[in-house]
Each structure stands twice: as structure tokens, then as C-alpha cells.
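Structure, as C-alpha cells:
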Amino acid sequence: MIATDAIVLIDCENLTGAHRLETLGRWAGADRLELFGREGFMAPWRAALARKGLVAAAETPVPDDAPSQAADQAIARTVDGLMAARAPGPVVIASNDKGFAADIARLTAAGILARQDFDLDDAGLLRLVITEIARPDGWAAAGGIGDHLIRRFGLDIRGRLGALAARSGFGLRHDRTGLWLSLPESRR
């Protein structure tokens with residue numbers, strides 16, 4: 001889960017996973033979402049946010065003829081502004097660009113909680129789905145998990161769900177109703 005006071009800076013040009021727009025749920029509780037990039041890259045993100053009932057608090061478009069690093073530089077300027085304003089954080093930079101490690105380090109050195117979110121791998125998608133559909137006790141039925149993974153992400157892990165869950169540290173439980181999974185921190 002994301003902190004409710006989090007600021008998420010989304011590099012619309014750099015998250016490239018096939019189903020990146022479906023993963024917006026991981027930032028749903030954030031206080032502020034900001035989009036960065038060329039209009040053609042920001043438009044799908046804006047539409048996906050609207051489908052989830054979310055709105056970007058700010059957008060920083062860059063011209064189509066701008067250098068390839070223009071959105072990255074705009075994010076770095078925003079980081080500078082957050083540091084100058086002594087934003088409480090946490091700050092999440094959503095991008096696959098490893099160059100943001102320096103900005104994460106600068107924020108952390110300034111006493112602001114920060115992290116970088118990359119495109120989700122299979123284990124990350126599994127964590128997202130479990131978080132979204134788990135019962136209040138933290139457990140989610142494997143059938144529901146598999147359905148979400150196939151329908152939303154095109155990820156068919158039939159026959160591999162138990163192995164992936166165990167390898168990723170998720171809790172596994174069998175009972176009369178079938179297989180259940182939980183996040184490591186919610187095992188009961």
C-alpha cells in the first residue's frame with residue numbers, strides 16, 4: 001500500500017510494461033499524482049486515471065520536439081522543488097529510468113522518504129492483485145487472483161501460482177474451499 005500523503009511523479013514516457021496503465025491501483029491512495037512527458041504519452045495515463053476515478057494534481061508536458069531527456073529533467077526539477085519546500089514525503093518516482101537513483105538518494109539525504117517504482121514483474125503483479133482483492137484478514141482466493149491476472153494483465157500462471165507465491169514470500173494456505181494466498185506482512 002502507498003502512504004496517503006505520498007507524492008507520485010509518473011514518467012509517462014518511461015514505464016513501458018505491456019499493462020502499465022492497469023497498475024495505477026498501486027498509487028490509488030496517494031495524496032498527489034503528477035504526470036510528466038509528451039502529450040501523446042500523457043493522454044493514455046490521464047484516461048486511465050479517469051477510469052479509476054483519479055485525477056492528476058499536476059501535469060508537466062514537454063514539447064514533442066524536446067530532447068529525449070526533457071521529461072526526466074522536469075521530474076528532477078520537481079524533486080528540487082520538493083526538497084526546497086521540505087515536502088514531508090514520501091515521494092515516489094514511477095519510472096524505469098535508473099538515472100533517478102540519484103534523485104532518490106538526494107531526497108533520502110534530505111530526510112524525505114523516497115523510492116522508485118519500476119514496471120511490475122510477475123511477483124509485483126501478484127502482490128498488486130492480492131492487495132486489491134484480499135479479504136479483511138489479508139487472504140485472497142487463488143481463483144480470483146488467477147482471473148485478475150489473466151483478464152487484466154494477460155498473465156496466465158496456472159500451475160505456477162503456488163510456486164511463484166512461495167518463491168516471492170507470499171503465504172499459502174489450503175482449506176476445504178481451495179488455495180488461498182496472502183502478502184507476507186498479513187499472514188495470520
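Give me the pairs: first residue in the stretch 59-85 and not assigned by the TED database to the domain that holds Ala110, second residue open to solvent by 80 Å² or more (accessible area, probe 1.4 Å) and not aromatic (Phe, Trp, Tyr), beta-carbon distance under 6 Å, and six or more apart or on different chains, which are they?
If the second residue must be open to solvent by 80 Å² or more (accessible area, probe 1.4 Å) and not aromatic (Phe, Trp, Tyr), no pairs are left.
Please state which of the following conditions Gly144 fails to meet, knowing it meets all the rest: (1) over 15 Å from Leu179 (Cβ atoms); (2) open to solvent by 20 Å² or more (accessible area, probe 1.4 Å).
For Gly144, the failing item is (1).
In the stretch 147-187, which residues are of a type in the set (Lys, Arg), open to solvent by 60 Å² or more (accessible area, probe 1.4 Å), within 17 Å of Thr131 (Cα to Cα) and at pLDDT below 85?
Arg151, Arg187
Criterion first (assigned by the TED database to the domain that holds Leu172, under 21 Å from Asn14 (Cα atoms) and not hydroxyl-bearing (Ser, Thr, Tyr)) does Phe153 satisfy it?
Taking the combined requirement at face value, the residue satisfies it.
Based on what the data block shows, is Arg38 closer than 30 Å to Leu155 by Cα, free of Cβ contacts under 8 Å to residues at least 24 places away in the same chain, open to solvent by 10 Å² or more (accessible area, probe 1.4 Å) and of a type outside the set (A, V, I, L, M)?
Working: closer than 30 Å to Leu155 by Cα: yes; free of Cβ contacts under 8 Å to residues at least 24 places away in the same chain: no; open to solvent by 10 Å² or more (accessible area, probe 1.4 Å): yes; of a type outside the set (A, V, I, L, M): yes.
No: the conditions fail for Arg38.
How many residues are within 16 Å of Ala28 (Cα to Cα), open to solvent by less than 30 Å² (accessible area, probe 1.4 Å) and not in a helix (DSSP H, G or I) if we restrict to the stretch 47-88?
Adding up the residues that qualify gives 2.
Check off (1) open to solvent by 20 Å² or more (accessible area, probe 1.4 Å); (2) touching a residue at least 12 places away in the same chain (Cβ under 8 Å); (3) in a loop (DSSP other than H, G, I, E, B) for Gly111 and give me the number that stays unchecked.
(2)
The values are calculated or read from the model by the stated rules, or taken from the named source; none is laboratory data. Given the structure is predicted, the values throughout are model-derived calculations rather than measurements. Ideal geometry is used to build each Cβ from the backbone, glycine not excepted, and the neighbour counts take in all protein chains shown. Just so you know, the surface numbers come from the protein's heavy atoms only, side chains and all, with ligands and any DNA or RNA stripped out. Shrake-Rupley method; radii C 1.70, N 1.55, O 1.52, S 1.80 Å.
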